[in-house]
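Peer 1: Sharing a structure below in structure tokens format, with a few things to ask.
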Amino acid sequence: MKEYKVGISLKEKNMRKIILASASPRRRELLEQGGIPFTVIPSQAEEKITTEQPGQAVEELSYLKCSDIYEKSLGDVLVIGADTVVASEGKILGKPSSQKDAVKMLQSLQGREHEVYTGVTIMAREGNENRKKTFHEKTKVVFYPMSDEEIRSYVNTGEPMDKAGAYGIQGKSAVFIKEISGDYNNVVGLPLARLYQELKNMGIESREW
Ligand SMILES: Cc1cn([C@H]2C[C@H](O)[C@@H](COP(=O)(O)OP(=O)(O)OP(=O)(O)O)O2)c(=O)[nH]c1=O
């Protein structure tokens, strides 16, 4: 096992520049938590879902976001793109389009199980060599029943508006979470452990520590 001094530079550790192609503050926090050094360049790619399969949808969208930034980047880089949706009763739920839409989404989730899918695409360039990997992770979540008043009050906090399925498990909606099966971080927007494993399988060193 190799040992590294604290504060060693990326170059000394033979690590390449990592770009997170995401505007999501949650994804940034998770990569930071893992001690994976990165810079942020959010993708402007238009997000259009073309399939009813949630796993395929998040893979495609993560690929779109990742390739948008990868194609604009020069030199040896590694770009990470991700996308999260909620799947409930055969429907894919993205971010709510309005407060009314958020109320509808939460009504459909309360008292039952649904799934959260996050797709991730990694694209790495080293000299003339390009490598790509796309995968998704699924987490099951069960909500307690919510009253109409609870749903209205929660939507009024504004918390649901920028989140798939109209809730943030890391926020106030935690009071409604009965069960979760799978990776919690996947619900928040990035399956950090799976990402680290996939990078490791590609022979890519990602941790600074
Ligand atoms: C279900 C759930 C989703 N979310 C968030 C994660 C994502 O940021 C968001 C889903 O939207 P995404 O389109 O996946 O991501 P984004 O628009 O926030 O960022 P970008 O496209 O630039 O990468 O929902 C939570 O924060 N908590 C949750 O419990």
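The values are calculated or read from the model by the stated rules, or taken from the named source; none is laboratory data. None of these values were measured; they are calculated from a predicted model. Note that each Cβ is placed from the backbone with ideal geometry, even for glycine, and that neighbours are counted across all protein chains shown.
Peer 1: Identify the residue in segment 61-78 that is more than 12 Å from the ligand (Cβ to nearest atom) and buried (at least 19 other Cβ atoms within 10 Å of the Cβ) and, among all such residues, is farthest from D162 (Cα to Cα).
Peer 2: L78
Peer 1: Since R28 meets every condition but one in (1) without any contact (Cβ under 8 Å) to a residue 24 or more places away in the chain; (2) part of a loop (DSSP other than H, G, I, E, B); (3) surrounded by 15 or more Cβ atoms within 10 Å (Cβ to Cβ), which condition does it not meet?
Peer 2: Result: R28 passes all but (2).
Peer 1: What single numbered condition from (1) of a type outside the set (F, W, Y); (2) under 19 Å from S43 (Cα atoms); (3) not in a helix (DSSP H, G or I) fails to hold for A87?
Peer 2: (2)
Peer 1: Tell me which residues, restricted to segment 135-167, are in contact (Cβ under 8 Å) with a residue 60 or more places away in the chain, crowded, with 17+ Cβ neighbours inside 10 Å and out of contact with any His (no Cβ under 9 Å at 6 or more places or on another chain).
Peer 2: Listed by number, the residues that qualify are F135, H136, K138, P160, K163, A164, A166, Y167.
Peer 1: Same structure, new question: Quick one: which helices (runs of 4 or more DSSP H) lie wholly within segment 129-209 and hold at least 2 residues that are away from the ligand (no atom under 15 Å from the Cβ), out of contact with any Leu (no Cβ under 8 Å at 6 or more places or on another chain) and at pLDDT 95 or above?
Peer 2: Filter on segment 129-209 gives 148-156, 192-201.
Peer 1: Give all pairs with beta carbons closer than 9 Å in which a residue from segment 33-44 that is free of Cβ contacts under 8 Å to residues at least 60 places away in the same chain meets a residue that is within 14 Å of the ligand (Cβ to nearest atom) and among the polar types (S, T, N, Q); count only pairs at least 6 apart in sequence or on separate chains.
Peer 2: What qualifies is V40/S22; I41/S22; P42/S22; P42/S24; S43/S22; S43/S67.
Each row is one residue, and each column tells you yes or no for (1) within 30 Å of E149 (Cα to Cα); (2) in contact with a Phe, Trp or Tyr (Cβ under 8 Å, 6 or more places away or on another chain); (3) at pLDDT below 95.
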| position | (1), (2), (3) |
| --- | --- |
| K13 | no, yes, yes |
| I36 | no, yes, no |
| A45 | no, no, yes |
| L78 | no, no, no |
| Q99 | yes, no, no |
| E115 | yes, no, no |
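Peer 1: Further question: When you go through (1) farther than 26 Å from E159 by Cα; (2) within 8 Å of the ligand (Cβ to nearest atom) one by one for A21, which number turns out not to apply?
Peer 2: (1)
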